[in-house]
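These notes concern the structure reproduced below.
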Amino acid sequence: MKATIACLPGDGIGPEVIEATQTVLKAVAEAYGHSFEMENYPIGGIAIDQFQNPLPDSTLEACQNADAVLLGAVGGPKWDAPDAPMRPEQGLLAIRKGLGVYANLRPVKPHPRLLHASPLKAEKIAEVDLIFVRELTSGIYFGQPKKRWVEEGEERAVDTLAYREGEVRRIAHLAFQLASQRKCKVTSIDKANILETSRLWRKVVSEVAKEYPDVTLEHLLVDAAAMYLLQRPASFDVLVTENMFGDILTDEASMLTGSMGNMASASLGDYQNQHGKPRGLYEPIHGSAPDIAGKGIANPVGTILSAALLLRYSLGLEQEAQAIERAVDETLSLGILSPDLGGSANTAAMTRVIIERLAAATVPA
Ligand code: NAD
Ligand code: IPM
Ligand code: MN
């Protein structure tokens, strides 16, 4: 297969984990006889520095023309001033919106070797296998008005939390379809005791549920959900929620796996690529980690597993996706762990072993 993967390294550890992942993708291409054209484009802080724009038109265009997009992370202290006219994170929101990827899938499945890297008790998390479906292109991240101004001598600010029925309906369908291929349970998370958007969310999700009689639906308020994620994490299957709740709860859930560095994501929408598959955006859930950037010790697993999701969802290369997942599994089983996982392997060493495990398992094409 010939495929174009637009790569957006971004800032901080973004370029480090993207470079590692590109070497893994090259190894896959070689082993299975594919050709992946991977070109880097600027986004985030580096794009502000070079183009005064966190998402240059040329980057968006390249992504829209690609079969899939692989992104590292954006942001950092250099661009963090509260009064900065432009922010790296705007680039991230714009690429998500520009690609129409409204469904952000974030799987959480702790590796047996990492049960003790989690602050939770091993027996609580051993059976965890859940996936978040986070709404990604609406809600309080995008609602208008969103502004700061001075009135009566006082600074004020407003963000707007808004949802349309159709935005809830399409993501609810995706969650139920996913659940029907898994453990047949959907947990919908909202704040319906307070928020009007949440009452709309709950009503629409309940309606959609009627079309999936084999799937059990549970509604949770977001504050309680944050607690149940720690108390009974193994009880969950698919968790569907709005943009900001999903952002917060998935960082919490990442600790079930031992580190945020392990967490992959796939963002999908309705656009198809030349292979008739969704043209997705794939990124780890972590940020640019300014505290460790430049040290070469970032955990590349979240990005490498995002690349596996890319092969699965955007290119239909299931065997290759599983090969990457198996190689990562084996590497962790061997105890090749980055510092965030309690080990001392650096990014390059971890990546090297992952590629070795890939090669060991591959039947030549
Ligand atoms: P962060 O995810 O960058 O880091 C939080 C902690 O996790 C840090 O201690 C970091 O060292 C550690 N960590 C994260 N990824 C790791 C990895 N792969 N390996 C090892 N350790 C890892 O979150 P933050 O510090 O709150 O944010 C820093 C910047 O990143 C901010 O500018 C923020 O806006 C941005 N950010 C970007 C994205 C993205 O691009 N998708 C996501 C989250 C945060
Ligand atoms: C994430 C990040 C982003 C988000 C930020 C950097 C805009 O935290 O991907 O989880 O909030 O969506
Ligand atoms: Mn986040």
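Note on His116 and Ser333: the model spin-label points, each 7 Å out from Cα along the C-beta direction, lie 1.9 nm apart. Counted residue by residue at 0.36 nm each, then reduced by the alpha carbon distance between them, the extension gain from Gln144 to Gln64 reaches 26.3 nm. One decimal place: the segment Lys2-Arg164 gains 54.5 nm when fully extended, by the rule 0.36 nm per residue minus the C-alpha distance. When peptides 185-197, 217-229, 308-320 are ranked by their average number of other Cβ atoms within 10 Å per residue, the highest-first order is 308-320, 185-197, 217-229. With K and R counted +1 and D and E -1, the other residues having a Cβ less than 9 Å from that of Ser314 yield a net charge of +2.
In this simple spin-label approximation, Thr23 and Asp57 carry label points 7 Å from Cα along the Cα→Cβ vector, and these lie 3.8 nm apart. Each DSSP beta bridge with both residues in the range 119-256 is either parallel or antiparallel, and the antiparallel ones are about 30%. A P(r) calculated from all alpha carbon pairs of the range 119-256, with 5 Å bins opening at zero, reads 2, 10, 19, 20, 18, 12, 8, 5, 3, 2, 1, 0 percent.
When each of the peptides 56-62, 337-343, 253-259 is scored by the mean number of other C-beta atoms lying within 10 Å of its residues, the order from highest to lowest reads 253-259, 337-343, 56-62. Taking a Cβ cut-off of under 14 Å around Arg170, the surrounding Lys, Arg, Asp and Glu residues balance to a net charge of -4, with basic ones at +1 and acidic ones at -1. When peptides 86-93, 234-241 are sorted by average Cβ neighbour count within 10 Å, with the highest value leading, the order is 234-241, 86-93. Neighbours of Pro42, meaning other residues whose beta-carbon lies under 12 angstrom from its beta-carbon, give a summed charge of -4 when Lys and Arg score +1 and Asp and Glu score -1.
Across the alpha-carbon set of the chain, the Rg to Rh ratio works out to 0.96, Rh being the Kirkwood radius.
Cross-link partners of Lys78 among aspartates and glutamates, defined as those whose alpha carbon lies under 20 angstrom from its own and excluding same-chain residues fewer than eight positions apart: Asp11, Glu16, Asp49, Glu89, Asp291. Helical runs (DSSP H, four residues minimum) scored at -39500 (n - 2.57) apiece and divided by the length of the chain put the mean residue ellipticity at 222 nm at -12500 deg cm²/dmol. When the Cα convex hull of the range 58-167 is projected onto planes of every orientation, the mean area is 11.8 nm². Computed on the Cα atoms alone, the convex hull of the range 3-76 gives a volume of 66 cubic angstrom per residue.
Read-outs throughout are calculated quantities, based only on the coordinates presented, and are distinct from any laboratory measurement. This structure is a prediction, so every number in the text was calculated from the model and none was measured. With ideal geometry, Cβ positions are generated from the backbone for all residues, glycine too; neighbour counts draw on all protein chains shown.
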